Amino acid sequence: MGKKTKVAIAIAAASAAAWAGSKAIIKPQKREDKEVLQYDRPIVLAHRGGSRLAPEHTMVAFEKAQSLGVDGFEIDIRLTKDEEIVVFHDETVDRTSDGTGSIKDFTLEELKQLNFGYHFEDLEGQFPYKDKKVEIVSLRELLEVFPNMYINIDIKDHPDTYEGSLMPSKLWRLIEEFEAQNRIVLTSFYSEQIDRFNLYAQNRVALGAGENDVRKAFTAFTSQFGHLYHPKVDVFQIPTKHGVVSLDTPRFIAFLAKLNIPVHYWIIDDEETMRSLIENGAKGIVTDRPDIAVSVLQSIQDEKNEVE
């Protein structure tokens, strides 16, 4: 046996011993229960209020989604020129309104003059709100109008911008004002924003996974050191795939479930995929078609009750 082979064997043996030792000593740390995530069946979150059924992020959409029986809303937020938090996805108003320009360059009052239903096309290919006034919604308004609804909030402003630097503290103060800590999930693609927010919230609000959190979890799952993974968040809201990597396998969902982390998938608009995900163990569906999702999940629950 050559010297290099002996060294390789020694390294492998040491690695195996380290793995066995760590597994014997270190146990996975489950996340503490959060009230907003305590439900006994899979839930439906209307993406931007259900953007295939009504103009996204408007009261028209939120009211329609509520009437359909959704469990909550998945929304995005941005900061205006006068430092108000609005429920909005894009950096600019161009795609959804009859105006042009960046959200950060408008005051809330100025934004209220625009029609955010202008470009909405319904399922029949019609534009029913083109000549109507559909206003933007502030987060304050949403919390007031829907005092009992689960709201999943995604911070869109980049942490390196002026707006992004202010958002975590302003958001926390608003949540605290409405005593909404137990019905909010806070997330962002920017893990830094989640961390900043939690400096104020101190784990009093459920946290959703950012991109870094998902990457760390999946790396732990596919390695021999999954028992060393200690999650910093309470729920994963993810696509079914990231590139060629499947994130919707029963084993990955079960890995997170053991850590008390439910998994919600977006954006799911067809019945077949909804059923498949629920069968795999998903606890939530984020959808632009809440009409379909509510019906499917109710059907699944009815089928389950019949078997029992």
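The values are calculated or read from the model by the stated rules, or taken from the named source; none is laboratory data. A quick note: this is a predicted structure, and the numbers were derived from the prediction, not measured. Using ideal geometry, Cβ is built from the backbone for each residue, glycine included, and neighbour counts are taken over all protein chains shown. To get the accessible areas, we keep the full protein, side chains included, count just its heavy atoms, and leave off ligands, DNA and RNA. Shrake-Rupley method; radii C 1.70, N 1.55, O 1.52, S 1.80 Å.
Looking at the structure I just gave you, is ASP154 open to solvent by less than 50 Å² (accessible area, probe 1.4 Å), closer than 20 Å to LYS232 by Cα and of a type in the set (Asp, Glu)?
For ASP154, the condition - open to solvent by less than 50 Å² (accessible area, probe 1.4 Å), closer than 20 Å to LYS232 by Cα and of a type in the set (Asp, Glu) - is met.
Mind checking which residues of segment 64-77 are under 20 Å from the mean Cα position of the chain (by Cα) and open to solvent by 30 Å² or more (accessible area, probe 1.4 Å)?
Of everything in segment 64-77, those that are under 20 Å from the mean Cα position of the chain (by Cα) and open to solvent by 30 Å² or more (accessible area, probe 1.4 Å) turn out to be GLN66, GLY69, ASP71.
Mind counting the residues in segment 280-295 that are within 20 Å of ALA54 (Cα to Cα) and part of a helix (DSSP H, G or I)?
Within segment 280-295, residues that are within 20 Å of ALA54 (Cα to Cα) and part of a helix (DSSP H, G or I) number 6.
If I filter segment 9-27 for residues that are more than 30 Å from GLU124 (Cβ to Cβ) and either modelled with pLDDT of 50 or more or not in a helix (DSSP H, G or I) (or both), do I get at least one hit?
Yes, some residue in segment 9-27 is more than 30 Å from GLU124 (Cβ to Cβ) and either modelled with pLDDT of 50 or more or not in a helix (DSSP H, G or I) (or both).
Considering only residues that are free of Cβ contacts under 8 Å to residues at least 60 places away in the same chain and in contact with an Asp or Glu (Cβ under 7 Å, 6 or more places away or on another chain), look in segment 226-271 and name the one that is nearest to ASP291 (Cα to Cα).
Restricting to residues being free of Cβ contacts under 8 Å to residues at least 60 places away in the same chain and in contact with an Asp or Glu (Cβ under 7 Å, 6 or more places away or on another chain), the top hit is TYR265.
May I ask you to list pairs of residues, at least six apart or on different chains, whose Cβ atoms are under 8 Å apart, with the first in segment 82-100 being more than 9 Å from LEU111 (Cβ to Cβ) and the second being surrounded by fewer than 22 Cβ atoms within 10 Å (Cβ to Cβ) and aromatic (Phe, Trp, Tyr)?
THR96/TYR118; ASP98/TYR118
Given the structure, is LYS130 open to solvent by 30 Å² or more (accessible area, probe 1.4 Å) and farther than 29 Å from GLY284 by Cα?
yes
So which residues in segment 183-208 are assigned to a loop (DSSP other than H, G, I, E, B) and open to solvent by 10 Å² or more (accessible area, probe 1.4 Å)?
Those that are assigned to a loop (DSSP other than H, G, I, E, B) and open to solvent by 10 Å² or more (accessible area, probe 1.4 Å): PHE189, TYR190, GLN202, ASN203, ARG204.
Let me confirm something: among ASP98, ASP122, ASP105, which residue is exposed (fewer than 15 other Cβ atoms within 10 Å of the Cβ), of a type outside the set (S, T, N, Q) and farther than 22 Å from GLY164 by Cα?
Criteria check complete, one pass: ASP122.
For segment 252-276, which residues satisfy the criterion of being part of a helix (DSSP H, G or I) and within 16 Å of the chain's Cα centre (by Cα)?
Scanning segment 252-276 gives ILE253, LEU256.
Search segment 150-182 for residues being in a loop (DSSP other than H, G, I, E, B) and without any contact (Cβ under 8 Å) to a residue 60 or more places away in the chain, and hand back the single one that is farthest from ILE77 (Cα to Cα).
Step one: list which residues in segment 150-182 are in a loop (DSSP other than H, G, I, E, B), which gives 156-161, 178-180.
When the remaining residues are screened for being without any contact (Cβ under 8 Å) to a residue 60 or more places away in the chain, the result is 158-161, 178-180.
Details: HIS158: 11, PRO159: 13, ASP160: 16, THR161: 14, PHE178: 17, GLU179: 19, ALA180: 16 Å.
Restricting to residues being in a loop (DSSP other than H, G, I, E, B) and without any contact (Cβ under 8 Å) to a residue 60 or more places away in the chain, the top hit is GLU179.
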